[in-house]
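Asks: Structure below; questions to follow.
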Amino acid sequence: IIHRERDAGVPKVDSVERALRDLNPDVKVVKYQERLSSANIMRILDDGWEVVVDGCDNFQTRYLINDACVFRRLPNVHGSVFQLEGQASVFAPVLGGPCYRCLYPEPPPPGMAPSCGEAGVIGALPGIIGTIQAMEALKLVLGRGQPLVGRLMQYDALEMKWREMK
């Protein structure tokens, strides 16, 4: 819901910044226009963040984010999508919950889980899951409500059904 057709070919950090400033010109956007890696993740997390929102599109980065969040004692607001299904959770051992590796100890073997680029995803689905992630991040920062720590929400868009697992 944040990228537009006019953004084709524009780096995502720039199209996100434009969209956020269109919504709220006073928002402060900090951009990192670099591929996240083991060489730079700790430097990026050193900037004083309270929570990490993981919307990455590959397992290597997802496990890297998880491990760095566990090490830095940061909540990790997870979201993932595949075709017509999505899931969201807050992985936060610092808050008494599990981490991503607790649920999925190892990434699937290459070829077992095709990427969204290979298998496709309906565009509204990342908007739904991303909005849930935004709400979870706000709850954590504000210290309000009950975040999805220790709970995994699974969404089946085709059947319009939610399922919660502990």
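The values are calculated or read from the model by the stated rules, or taken from the named source; none is laboratory data. Note that the structure is a prediction, hence the values are computed from the model and not measured. We place every Cβ from the backbone using ideal geometry, glycine too, and count neighbours over all the protein chains shown. These area figures cover heavy atoms from the full protein model, side chains too; ligands, DNA and RNA do not enter into them. Shrake-Rupley method; radii C 1.70, N 1.55, O 1.52, S 1.80 Å.
Asks: Looking only at segment 131-166, count every residue that is part of a strand (DSSP E or B), in contact (Cβ under 8 Å) with a residue 60 or more places away in the chain and not charged (D, E, K, R) and tell me the total.
Replies: Total meeting the criteria: 5.
Asks: If Arg62 passes every condition in (1) part of a loop (DSSP other than H, G, I, E, B); (2) closer than 20 Å to Leu36 by Cβ; (3) of a type outside the set (Phe, Trp, Tyr) but one, which one does it miss?
Replies: Failed condition: (1).
Asks: Right, next: Is one or more of the residues making up segment 1-14 closer than 16 Å to Ala134 by Cβ, β-branched (Val, Ile, Thr) and surrounded by fewer than 13 Cβ atoms within 10 Å (Cβ to Cβ)?
Replies: Looking for residues that are closer than 16 Å to Ala134 by Cβ, β-branched (Val, Ile, Thr) and surrounded by fewer than 13 Cβ atoms within 10 Å (Cβ to Cβ), one finds at least one in segment 1-14, hence yes.
Asks: Test of understanding: among Gln33, Gln60, Gln83, Gln87, which residue is out of contact with any strand residue (DSSP E or B) (no Cβ under 9 Å at 6 or more places or on another chain) and under 30 Å from Met165 (Cα atoms)?
Replies: The unique qualifying residue is Gln60.
Asks: Follow-up question, since we're still on this one. If you take the residues of segment 53-84 that are at pLDDT 95 or above and more than 13 Å from the chain's Cα centre (by Cα), which of them is most open to solvent (accessible area, probe 1.4 Å)?
Replies: The qualifying residue most open to solvent (accessible area, probe 1.4 Å) is Arg73.
Asks: Test of understanding: among Val16, Val52, which residue is of a type in the set (A, V, I, L, M) and touching a Cys at 6+ places or on another chain (Cβ under 6 Å)?
Replies: Val52
Condition check ((1) buried (at least 18 other Cβ atoms within 10 Å of the Cβ); (2) of a type outside the set (Gly, Ala, Ser); (3) under 17 Å from the mean Cα position of the chain (by Cα)) across all residues:
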site	(1), (2), (3)
Ser89	yes, no, yes
Pro107	no, yes, yes
Ala113	no, no, no
Gly120	no, no, no
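Asks: Name the residue, out of Glu50, Glu34, Glu17, that is touching a residue at least 40 places away in the same chain (Cβ under 8 Å), open to solvent by 30 Å² or more (accessible area, probe 1.4 Å) and not aliphatic (A, V, I, L, M).
Replies: Of Glu50, Glu34, Glu17, the one residue that is touching a residue at least 40 places away in the same chain (Cβ under 8 Å), open to solvent by 30 Å² or more (accessible area, probe 1.4 Å) and not aliphatic (A, V, I, L, M) is Glu50.
Asks: Going residue by residue through segment 3-15, is there one that turns out to be in a loop (DSSP other than H, G, I, E, B), of a type in the set (D, E, K, R) and within 27 Å of Leu152 (Cα to Cα)?
Replies: Going residue by residue through segment 3-15, those that are in a loop (DSSP other than H, G, I, E, B) are 3-4, 8-11.
Remaining after also requiring of a type in the set (D, E, K, R): 4.
So of that shortlist, the ones also within 27 Å of Leu152 (Cα to Cα) come out as none.
No; the residues of segment 3-15 include none that is in a loop (DSSP other than H, G, I, E, B), of a type in the set (D, E, K, R) and within 27 Å of Leu152 (Cα to Cα).
Asks: In segment 37-47, what count of residues is obtained for those that are open to solvent by 70 Å² or more (accessible area, probe 1.4 Å) and of a type in the set (A, V, I, L, M, F, W, C)?
Replies: Number satisfying all stated conditions: 1.
Asks: Which condition number does Gly97 fail, the rest of (1) farther than 22 Å from Ser37 by Cβ; (2) assigned to a loop (DSSP other than H, G, I, E, B); (3) open to solvent by 30 Å² or more (accessible area, probe 1.4 Å) being met?
Replies: (3)
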